[in-house]
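J.: Could you have a look at this structure, given as structure tokens, before my questions?
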């Protein structure tokens, strides 16, 4: 088997396992990376030693993944597993297997960047699915915006990013992040939208604040359903031999 194809298959297998783990428990054990990183590095060293991989290609692949992973982790768009997965793929599969012949050919940049860009495109399905679920709820008579004053722009944003769930559903898992907070002014508590929480944030203070004002959420609370981004990495890597969403 071509070594680059073996590297790709190994990277995909690890991401599939990590995605399942992250989806079920919202956590990927560090042991996954402790074992996968050395194996991936060993294969890349063999590819370089055999002359099938250029050093510049490997350095560029890892360098760009480190830069992207650090920035997105720092600003809270990625969780730790997402950043580790990005660097792992860059380290393990820095070049396209020769058997990959998608339409228009392989992009000029390394596989990890193709995976990154494809995953960003695939993730656009998420807000669309949230919007469709909210439309369904509205047609069934569910009052999504009841109890909170929102501008027209805020309502549109909420329709694509949040759903109305029971207050007790928050905190049971990381499947939902709160999209509301409580602001107290002049002794009066008011519900306000909360549009962004960093991926690695401890949600306990946010949820406690909401539950301390349970009387304001008799008809539910707005919350953002979460999907580990590593799942979109896995899908993007899986389709790479057949199709690239970027050229």
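J.: Given 213, 195, which one is closer than 20 Å to residue 129 by Cα, at pLDDT below 90 and in the same structural domain as residue 129 (by TED's automatic domain parsing)?
T.: The match here is 195.
J.: List the helices (runs of 4 or more DSSP H) that sit entirely inside the range 47-137 and contain at least 1 residues that are over 23 Å from residue 34 (Cβ atoms) and modelled with pLDDT of 90 or more.
T.: Hits in the range 47-137: 55-74, 111-122.
Conditions (1) in a helix (DSSP H, G or I); (2) surrounded by 15 or more Cβ atoms within 10 Å (Cβ to Cβ); (3) modelled with pLDDT of 95 or more, marked per residue:
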position: 1; (1), (2), (3): no, no, no
position: 4; (1), (2), (3): yes, yes, no
position: 8; (1), (2), (3): yes, yes, no
position: 13; (1), (2), (3): yes, no, yes
position: 18; (1), (2), (3): yes, yes, yes
position: 22; (1), (2), (3): yes, yes, no
position: 36; (1), (2), (3): yes, yes, yes
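J.: Something else now. List the pairs whose first member sits in the range 233-246 and is closer than 12 Å to residue 123 by Cβ, whose second member is at pLDDT below 80 and not in a helix (DSSP H, G or I), and whose Cβ atoms are under 9 Å apart, counting only residues at least 6 apart or on separate chains?
T.: So the pair list comes out as 236/245.
J.: Within the range 236-247, work out how many residues are at pLDDT 90 or above and surrounded by 18 or more Cβ atoms within 10 Å (Cβ to Cβ).
T.: Going through the range 236-247 one residue at a time, the tally reaches 2.
J.: Further question on the same structure: Being in a loop (DSSP other than H, G, I, E, B), touching a residue at least 40 places away in the same chain (Cβ under 8 Å), surrounded by 16 or more Cβ atoms within 10 Å (Cβ to Cβ) and in contact with a strand residue (DSSP E or B) (Cβ under 7 Å, 6 or more places away or on another chain) is the filter here, so list the residues in the range 171-230 that pass it.
T.: Those that are in a loop (DSSP other than H, G, I, E, B), touching a residue at least 40 places away in the same chain (Cβ under 8 Å), surrounded by 16 or more Cβ atoms within 10 Å (Cβ to Cβ) and in contact with a strand residue (DSSP E or B) (Cβ under 7 Å, 6 or more places away or on another chain): 179, 197, 220, 226.
J.: Do the conditions hold for residue 130, that is, is it surrounded by 12 or more Cβ atoms within 10 Å (Cβ to Cβ) and in contact with a strand residue (DSSP E or B) (Cβ under 9 Å, 6 or more places away or on another chain)?
T.: Spelling it out, residue 130 is indeed surrounded by 12 or more Cβ atoms within 10 Å (Cβ to Cβ) and in contact with a strand residue (DSSP E or B) (Cβ under 9 Å, 6 or more places away or on another chain).
J.: Assuming residue 145 fulfils every condition listed in (1) more than 30 Å from residue 9 (Cα to Cα); (2) assigned to a helix (DSSP H, G or I); (3) in contact with a helix residue (DSSP H, G or I) (Cβ under 9 Å, 6 or more places away or on another chain) apart from one, which condition is it?
T.: (2)
The values are calculated or read from the model by the stated rules, or taken from the named source; none is laboratory data. Predicted model only: the values in this text are computed from it and were never measured. Note: ideal-geometry Cβ built from the backbone for every residue, glycine included; neighbour counts use all protein chains shown.
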